[in-house]
Amino acid sequence: MWSLYGEGKNAVCIFTTEDKLESQVQKNQDIDKLIVKPVTYINHENAQFDSDPLTPFTAKSLPFTFEKEVRLIAYHSQKNIESKVKNDKPGVALSINSLSQFIDKLVVSPNSYSWFIDSVKKLCLERDLNVEVRKSSLCKKRFTDIFDVLENLNFT
């Protein structure tokens with residue numbers, strides 16, 4: 001997933017909860033409705049949507065089921081989302097009430113440069129964010145056979 005969603009080597013994954021996502025994201029004049037919904041993984045060839053106009057926003061192809069994704073759907077309740085196919089803007093910036101209450105932990109890409117995790121930790125200190133920052137466990141050495149295991153044992 002790092003290569004799918006992280007742009008370049010230096011990427012950060014933010015861990016939070018659905019409750020925090022709903023309570024800490026601020027609404028604004030363009031957005032008065034925030035809903036967190038799990039993604040439904042579908043076969044697009046024979047998919048049929050129910051009458052809920054939000055259903056297409058939470059549908060994704062079956063090969064992505066490993067992601068176990070949830071989506072934050074943000075919109076203005078006075079706009080008819082059924083009649084307009086495309087947004088006026090490509091996206092909207094939403095503010096967070098409190099980063100320290102929003103973020104549970106930060107995990108840095110296993111492909112990141114060694115200085116990057118230090119930069120993330122420093123930034124958290126500067127912003128008074130007391131959160132765990134660690135490198136992804138995917139960067140740990142993978143053993144291919146018993147000889148790799150024996151070679152890496154520490155008998156001291």
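We did not get these values from a lab; they are worked out from the coordinates using the rules stated. The shown structure was predicted, so the numbers you read here are calculated from the model rather than taken from an experiment. FYI the Cβ positions are ideal-geometry reconstructions off the backbone, even for glycines, and counts take in every protein chain you see.
Return the single residue from 68, 20, 89 with maximal mean-square fluctuation; model: Gaussian network over the chain, springs between Cα atoms under 10 Å.
Answer for the Gaussian network model of the chain: 89.
I'd like the FRET efficiency for residue 67 and residue 88, computed as 1/(1 + (r/R0)^6) with the beta carbon distance as r and R0 of 22 Å, rounded to 0.05.
Details: r = 28 Å, r/R0 = 1.30.
For residue 67 and residue 88, the calculated efficiency is 0.15.
Relative to the longest principal axis of the C-alpha atoms of the chain, give the angle of the C-alpha long axis of helix 114-126, reported between 0 and 90° and rounded to the nearest 10°.
Compared with the principal axis, the helix lies near 60 degrees.
Got a sec to turn the phi values of the range 26-42 into Karplus ³J(HN,Hα) couplings, 6.51 cos²θ - 1.76 cosθ + 1.60 with θ = phi - 60°, whole Hz, x for Gly and Pro?
8, 7, 8, 5, 8, 10, 10, 9, 10, 9, 9, 9, x, 6, 9, 8, 10
At R0 = 25 Å, how high is the FRET efficiency between residue 60 and residue 101 if r is their beta carbon distance? Nearest 0.05 is fine.
0.30
Collect residues whose amide H, placed 1.01 Å from N in the peptide plane, falls under 5 Å from the amide H of residue 32; neighbours closer than 5 in sequence don't count.
So residue 32 has HN proximity to 75, 76, 77.
Let me know the Kirkwood hydrodynamic radius for the chain, please, with Cα pairs as the basis and the value in Å to one decimal.
One decimal place: 19.1 Å for the Kirkwood radius.
Given the options 133, 70, 25, state which has the largest fluctuation in a GNM of the chain using a 10 Å cut-off (strictly under) for Cα springs.
70
Once you wrap a convex hull around the alpha carbon atoms of the range 18-95, what is its projected area averaged over all directions, in nm²?
Directional mean of the projected Cα hull area for the range 18-95 stands at 6.2 nm².
Can you list residues whose amide H is under 5 Å from residue 6's amide H, if they're 5+ apart or on another chain and H is modeled 1.01 Å from N?
Long-range HN contacts for residue 6: none found.
Which ³J(HN,Hα) values in Hz, rounded to whole numbers, follow from the phi angles of the range 87-95 under the Karplus curve 6.51 cos²θ - 1.76 cosθ + 1.60, where θ = phi - 60° and Gly and Pro get x?
Rounded to whole hertz, the list is 5, 5, 10, x, x, 9, 7, 10, 8.
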